[in-house]
1. Between GLN64 and ALA140, what is the label-point separation in nm under the 7 Å Cα-to-beta-carbon projection?
2. What is the chain's relative contact order, in percent, from Cα pairs under 8 angstrom and six or more apart in sequence?
3. Given H placed 1.01 Å from N in the peptide plane, which residues other than close sequence neighbours of LEU130 have an amide H under 5 Å from its amide H?
4. Fewest to most neighbouring Cβ within 10 Å: what's the order for CYS251, CYS146, CYS265?
5. Using 0.36 nm times the number of residues separating THR78 and GLU242, minus their current alpha carbon distance, what extension gain do you get?
6. According to a simple spin-label model (label point 7 Å from Cα along Cα-to-Cβ), what is the distance in nm between TYR148 and LYS177?
7. Order these peptides, 131-138, 165-172, by their mean beta-carbon neighbour count within 10 angstrom, highest first.
8. Mean residue ellipticity at 222 nm from the helices of the chain, using -39,500 (n - 2.57) per DSSP H segment of n ≥ 4 over the full residue count, to the nearest 500 deg cm²/dmol?
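Values in this text are rule-based calculations from the coordinates and carry no lab data. Just so it is clear, the model here is predicted, and its values are computed rather than measured. Here the Cβ positions follow ideal geometry from the backbone for every residue, glycine too, while neighbour counts run over all protein chains shown.
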Amino acid sequence: MPQSANPLLRGTSQLSSNVHARGRDFVLYQGDSIALMNGFDPGTFDLIFADPPYFLSNGGFTCQGGKRVPVAKGKWDTSQGIEEDHRFTTEWLAACKRVLKPSGTIWVSGTQHVIFNAGFAMQQLGFKLLNTVTWFKPNASPNLSCRYFTHSTEILIWASPGGKGKLQHTFNYAAMKQTNGGKQMRDVWAIPKAGEEELRDDGEGRVWSMLTPRKSEKAHGGHPTQKPIALLNRIIEASAGEDAVVLDPFCGSGTTGVAAVGKGCRFVGMDLNPEYLELTRKRLEATQRP
Ligand SMILES: C[S@@+](CC[C@H](N)C(=O)[O-])C[C@H]1O[C@@H](n2cnc3c(N)ncnc32)[C@H](O)[C@@H]1O
């Protein structure tokens, strides 16, 4: 393939100076993802997974290993106030919409701290909302204040860039049904505990229980908000076509990339932090391709 035809290499000369690392099937860019996405041609990507700042690190406390610890994921995770947070969310979602193919889809993950903000921005921008998947975390930290229920879920909004007429997006319906023991897969996902790989029957189809990342997933180092590979495997299996070009504008430790290249897709990752991109590079280089 000539270099200019390879969507992984396409971009402005300014983008090339942001390349942190590249391989046969991935490119990692360092910088602000809004500026970086704006350097790509419209309609470049088949699939986007975005795990943005949740604006969680605001002086609260959580429980880790039985101890009370401050929630401090990083400066990037602090709220700038509701108006500014919404402006940022709207801006990166608009950049995603521009670089998504009309046949592509986007997944946005979040907790109550950001997901309503993201959902509202997506409606304002004219995305077509396809599903809101609830990911259940059976090993969630206990609630210290005892003034709320234990937070044990995250929401994933799945959407297409919209437009009228026939739905064009990829949904690997049959594969999902087969994975789910022959029943239509539902929008509540829970994935097996370590050593308990079997699906458990909930009477009406099957609920999978998906934990937070296992130790082996942090073999090259950890990220404070790393997603479990099982979650991203499910997303790629459900919504990537063969040879899809997948973008993660908030790449972190590169979980999306590991799932994407592990299933034969190509991957573009972006992050502000070069240390996280380095972690991503190591994980990608250790990933087995089909
Ligand atoms: C929630 S974490 C993503 C974690 C990732 N899904 C994983 O599995 O490791 C969000 C990431 O976005 C990065 N980030 C925050 N603001 C950014 C921006 N404006 N542009 C690019 N990256 C940004 C942070 O450095 C952080 O690594």
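1. 1.9
2. Reported relative contact order: 22 percent.
3. Distant-sequence amide H within range of LEU130: TRP158, ALA159, SER160.
4. Exposure proxy ranking, most exposed first: CYS146, CYS265, CYS251.
5. Net length gain for the segment: 55.3 nm.
6. Between LYS177 and TYR148, the label points sit 3.9 nm apart.
7. 131-138, 165-172
8. Calculated mean residue ellipticity at 222 nm is -7500 deg cm²/dmol.
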